[in-house]
1. Considering region A:301-339 alone, what residues qualify as being more than 14 Å from chain B (Cβ to nearest Cβ), surrounded by fewer than 18 Cβ atoms within 10 Å (Cβ to Cβ) and in contact with an Asp or Glu (Cβ under 9 Å, 6 or more places away or on another chain)?
2. Count, please, the residues in region B:35-53 that happen to be closer than 21 Å to B:Ser285 by Cβ and crowded, with 24+ Cβ neighbours inside 10 Å.
3. Can you tell me which residue within region A:248-276, out of those that are among the charged types (D, E, K, R) and either more than 10 Å from chain B (Cβ to nearest Cβ) or touching a strand residue (DSSP E or B) at 6+ places or on another chain (Cβ under 7 Å) (or both), is farthest from B:Lys97 (Cα to Cα)?
4. Among the numbered criteria (1) at pLDDT below 90; (2) among the β-branched types (Val, Ile, Thr); (3) closer than 30 Å to B:Asp179 by Cα, which single criterion is violated by A:Thr262?
5. Is it the case that region A:12-33 has a residue that's at pLDDT 80 or above and farther than 29 Å from A:Phe317 by Cα?
6. Within region A:50-72, does at least one residue satisfy the condition of being under 18 Å from A:Val307 (Cα atoms) and not small (Gly, Ala, Ser)?
Amino acid sequence: MVTYIIRRLIWGVFMLAIVSVITFAIFFLVPRLAGATSESLATRYVGRTASAEQVKIAAEKLGFNDPLIVQYGRFAKGIVAGADYDYGPGVERCPAPCFGYSFLTRLPVWPDLLNRLPVTISLALGAAVIWLVAGVATGVVSALRRGSFFDRAAMSIALAGVSLPIFFTGIVSLVVFSYGRPLAFAAPGGSFTPFFDNPAMWAYSLILPWITLAFLYAAGYARLTRSGMLETMNEDYIRTARAKGLTERVVVFKHGLRGALTPILTIFGLDLGLLMGGAVLTESTFSLPGIGKYAIDAITNQDLPKVMGVTLVAAFFVVMANLVVDLLYAVVDPRVRLT
Amino acid sequence: MSERITGQKSFLELNDLRIHFPTDDGVVKSVDGLSFRLERGKTLGIVGESGSGKSVTSLGVLGLHKGTRARISGEIWLDGEELVSATQEHVRTLRGKKMAMIFQDPLSAMHPYYTVGAQIIEAYRIHHKVGKAVARKHAIDMLGRVGIPQPERRVDSYPHEFSGGMRQRAMIAMALSCDPELLIADEPTTALDVTVQAQILDLMRDLQQEFNSALIIITHDLGVVAELADDILVMYGGKCIEYGGAEDIFERPEHPYTWGLLGSMPRLDRERTERLMPIKGTPPSLINVPDGCAFHPRCAFEGRTEGRARTRVPELLETEGGHLVRCHLTRDERRGIWENEIKPNLESA
């Protein structure tokens, strides 16, 4: 078990290294293939108003004239050990993990990401609780009453849920339910209160994004749970459970749902990991200052260091989520052996 | 029927049991007018091909079709209580305690995520108000009694950690955990190695004597019922087509279908070069059961009934001493065919 975790962690680091190579290649190799020069890359850092001479000096100092492999080494070293940046006026220390400085704000990327992480985590975890409970409950009831009015209605809504984009459902919910609107019970978009400042306000500020995001996922989970339950309730061991004289409630929840939950758990872990890297559409729609919003802003402004930072952080969460899911799998299903 | 006592119910008695499933294609008549009796300490073997209604019958006795779309009629008397008209909840309290079932494939019939012990403990605690420790001790006892070595250790194993034979023993331990008076075993040895089959059959015989329970063995394997059964009921197309003591069925079978079953049974005392005699054709659709005798399209002797087999459903009639046959051939015709045409072929070496 321990050796398994260690091996998986080493693999995870390896995966992240590959992601970093690809990210680096996209941002530094591809532009060169498209005709960019050291100078045109440096222009981003010093601004368009700089003279040709200043750009040349900046390109030299930023190391754009070095071989690519050296540049990647410097980039990777910055993430692991931090880096010293020399813009001209003086040397600035960028502590690890250093993803560089924003072109726009001149601030280092990592502290920015750290500030935004609580928003994204709050959003993802809150929504996850809602969609897991609502999705699984709906799926179970639908499966047990297959073909009933509830089943058909729930599955139609679920179909709408997986089909409607966040920016539609999100805006509709803002128009109908946010502060000052006819059925107001939630904060308007753009507000976020940290949990430790005021938990009630935290929930109030996030309730609409939670519901919007959860609606999308709950729909998928309801369908998944329904088909999983229909399958497990046909298993021989369910018949055995009934033959023992168990009440139907125990048969459904202890024997049926337990069997159907395993694939749901897998997908849940991966979904959560993906969302930790930023719920781009939800954060944009509700103007929440999370990682996803950060990524969108960075892309719009072509702020490369930020984009690279977000990419690697998101990749980190996905790799970790995969590991956690695989470990949980062994807990949930005793037939799984981790070796 | 072999021990008919007028006015008194047998321990288990089925009267004209019908279990029909409405589907989009028509009504599936899985069990269509089945009657039999069984006393404590006796073993009934129910024999037939896949789809003959054997398993549906057993699930019906346990009341597992209640609350589904199945249409059930007739009577099931268990120890003086009628179960078809009883509430679902009442039958549930009898399940596992008064009547229990052993299923065919113990790997799929046990929950893969719970330990063997937990599954036995669960079965015991539904029907007994005892603590976990007491139930656990009982589970270990039961595992020991069905011959699982080191039961105090194996109680915490998962089903996939057991071998096939061990799993079936664990399944039997689970079924017997509440001392059921009626035990139904649905193809209990089909999924097992031949050597293990014999052990499991021995075990079941010993346990039945110990518990003095009524035992129903459902199988397509005549060898299994030859080992265990006192009486044998042959099912075809949801109906009983022959019923009698084990000796009657093996020594003096009277139904062409039973002859076919005997002919398709591999035997060691026959020459290797000799072909088995399979029954031609396939089991009937239970939606469009053939007119007349359900077996007539596959019957080699149908031509000797002057067309009756094609038009009229034969009745289940006593030929002698509790031996019942559902066939249009006369008793003398059947005995003649068996003695002169079938038996010599079966026994020729």
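1. The answer is A:Leu338, and nothing else.
2. Summing the residues that are closer than 21 Å to B:Ser285 by Cβ and crowded, with 24+ Cβ neighbours inside 10 Å in region B:35-53 gives 5.
3. This residue is A:Asp271.
4. So A:Thr262 meets the others, but not (3).
5. Of all residues in region A:12-33, those at pLDDT 80 or above come to A:12-33.
Filter again for farther than 29 Å from A:Phe317 by Cα, leaving A:32-33.
Scanning region A:12-33 turns up at least one residue that is at pLDDT 80 or above and farther than 29 Å from A:Phe317 by Cα.
6. Yes, that holds for at least one residue.
Residue-by-condition table, conditions (1) over 30 Å from B:Tyr114 (Cα atoms); (2) of a type in the set (Asp, Glu); (3) outside any helix (DSSP H, G or I):
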site: B:Ala185; (1), (2), (3): no, no, yes
site: B:Thr190; (1), (2), (3): no, no, yes
site: B:Ala198; (1), (2), (3): no, no, no
site: B:Leu201; (1), (2), (3): no, no, no
site: B:Arg205; (1), (2), (3): no, no, no
site: B:Cys240; (1), (2), (3): yes, no, yes
site: B:Glu254; (1), (2), (3): yes, yes, yes
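For (1) free of Cβ contacts under 8 Å to residues at least 24 places away in the same chain; (2) farther than 25 Å from B:Arg205 by Cα, each residue gets a yes or a no:
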| position | (1), (2) |
| --- | --- |
| B:Gln8 | yes, yes |
| B:Asp16 | no, yes |
| B:Ile19 | no, yes |
| B:Ser30 | no, yes |
| B:Gly48 | no, no |
| B:Gly53 | no, no |
| B:Val56 | no, no |
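The values are calculated or read from the model by the stated rules, or taken from the named source; none is laboratory data. Bear in mind the structure is a predicted one, so any value in this text is a computation, not a measurement. Positions of Cβ are generated from backbone atoms using ideal geometry, with glycine treated the same way; all protein chains shown enter the neighbour counts.
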